[in-house]
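Only one structure is covered here, and it is reproduced in the block below.
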Amino acid sequence: MSIDVAKLPELIRDKKRQVRSRIGAVEKVLAEIEAEFAAEVEDIASRRARGEASIPELDFSLIRDGKVSDATKAQIRRHGAAVVRNVFPRAQAEAWNGQIGDYLARNDYLNKAATRDAGDRYFTSLKSSRPQIFGIYWSKPQMEARQGAPMAETKAFLNRLWRFESAGKKHFDPDRECTYADRIRRREPGDASLGLSPHMDAGSVERWLDPAYAEVYREVFAGNWRAYDPFDGAFRTATEEIPSPAVCSAFRTFQGWTALTRQGPGDGTLQLLPIARAIVYLLLRPLGKDVPDDDLCGAKPGRALSLVEQWHALLRPAISPIPQVEPGDTVWWHSDIIHAVEDHHRGSGYSNVIYIGAAPYCAKNAAYLERQKKAFLAGESAPDFSAENFEIDFDGRATANDLTELGKRQMGLSAW
Ligand SMILES: [Fe+2]
């Protein structure tokens, strides 16, 4: 592990000193990004007020047929997010939803969960602390959705929006996918137990202090932030995260989920801040004179990187609800995209999803698969998550026999 958390204040001061001397005219750069992002935020907020979408949408059939327009690809790159509709037939997603409900009920999940301390402190720094997340990884519907052929095609399309080769090096293989087993959300109508406040995953202080992240954001830390490309894959697969329950240690081009129920604005579901380059603002804002020298605007090790009202209020008006989605639709957001889950579910139906992100084949993800496949075979929680291990004795859990050939490859159980 490259970051010594005990020395964090010192490391932060050093980094700031280094970046300041590199940039030189810090105040000028801060004024530039303030103006740039204020305009971008205003554009998104006013479009939303007019009822226009900022989050690009496309139908899976365009991906299948290789007919996604360059304009749509440019929109996804700009906004760092996409809704891909009809990846799975509605009936299939609805059946999965029912099967997951049966799996949870048959195995008495809720009672078992209530008697255990989850030990998952990932979100304790966020205002909202009890997400409607179930710690199951290996139900048959989850495995079927992950290994579905349309899912693989969708991920390959999204991976290919990135530059995956440069300087004679292949950063990842966009066409081979590693399954990153995540959990499910199952949220009852009327639920007001708070969602998730705005944050991004994939590291907090690491984004400033990890050597590979320093390369990922090299243009930003040099003050040349307009040259920063959020879709440049170089060094992305080499970052090292501070170990913590529920911090993702795989490389994901996009986080994502597959809808099992209809859900949209107000249904206790996802909100996105659809500006792929907004990370620039988060990275440089700590250089402001008003921020203590050993502080990164509230970033804490081993936690989500939160949007903090005191420091990042400028960005907040761009946070936008996803459009209404139907069972079988999928939603995707770049690993640097700020996202939130609405505090209150004011809708009339469950808002349920299976979390499935895109983790293309690279050494980092292949190494994760080795750990994950042991957890799968034993029915334990996936290795990045707190070791609740609910499913060890669950009836009806998926086994290797439920995997297709593609599924086995994606799980590291058979060679590509
Ligand atoms: Fe998240």
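What follows is calculated from the coordinates using simple rules that are stated; it is not laboratory data. Here the structure is a predicted model, which means the values were calculated and not measured. Note that each Cβ is placed from the backbone with ideal geometry, even for glycine, and that neighbours are counted across all protein chains shown.
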Cross-link candidates for Lys28: which aspartates and glutamates have Cα within less than 13 Å, leaving aside residues fewer than 8 places away along the same chain? Glu36
Descending packing, highest mean Cβ count within 10 Å first, for 317-329, 395-407 is 317-329, 395-407
Under a Cβ-Cβ cut-off of 9 Å, what is the net charge of the residues other than Tyr355 that fall near it, where Lys and Arg count +1 and Asp and Glu count -1? +1
Rounded to the nearest 500 deg cm²/dmol, what is the calculated helix-only ellipticity per residue at 222 nm for the chain, with -39500 (n - 2.57) per DSSP H run of length n ≥ 4? -10000 deg cm²/dmol
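Rounded to the nearest 5, what % of DSSP beta bridges with both residues in the chain are antiparallel?
Once the DSSP bridges in the chain are tallied, antiparallel ones form about 90 percent.
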GNM result for the chain, Cα springs below 10 Å: residue of Asp336, Asp384, Asp65 fluctuating most strongly: Asp65
Alpha carbon centroid spacing (whole Å) that separates the range 22-60 from the range 344-416: 35 Å
Note down the net charge around Asp43, summing +1 for each Lys or Arg and -1 for each Asp or Glu among other residues with Cβ under 12 Å from its Cβ. 0
Relative to the longest principal axis of the chain, what angle (0 to 90°, nearest 10) does the C-alpha long axis of helix 26-49 take? 40 degrees
Given the C-alpha centroids of the range 213-240 and the range 140-181, what is the distance between them in whole angstrom? 21 Å
Whole-number percent relative contact order across the range 203-326, with pairs defined as alpha carbons under 8 Å at least 6 apart: 36 percent
About the Cα centre, and with charges only on the beta carbon of Lys, Arg (+1) and Asp, Glu (-1), how big is the dipole of the chain? Nearest 20 debye, please. 420 debye
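Which order do the peptides 84-95, 345-356, 270-281 come out in when sorted by mean C-beta neighbours inside 10 angstrom, highest first?
Listed from highest to lowest mean packing, they are 270-281, 345-356, 84-95.
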If you line up the long axis of helix 363-378 against the longest principal axis of the chain, both from Cα atoms, how many degrees apart are they, to the nearest 10? 30 degrees
Starting with the highest mean, order 263-269, 223-229 by the number of other Cβ atoms within 10 Å, averaged over the residues of each peptide. 263-269, 223-229
Formal net charge of residues neighbouring Gly148 (Cβ-Cβ distance under 12 Å; K, R +1; D, E -1): -1
If the elastic network links every pair of Cα atoms under 10 Å, which of Ala39, Ala74, Ala114 fluctuates the most in the Gaussian network model of the chain? Ala114
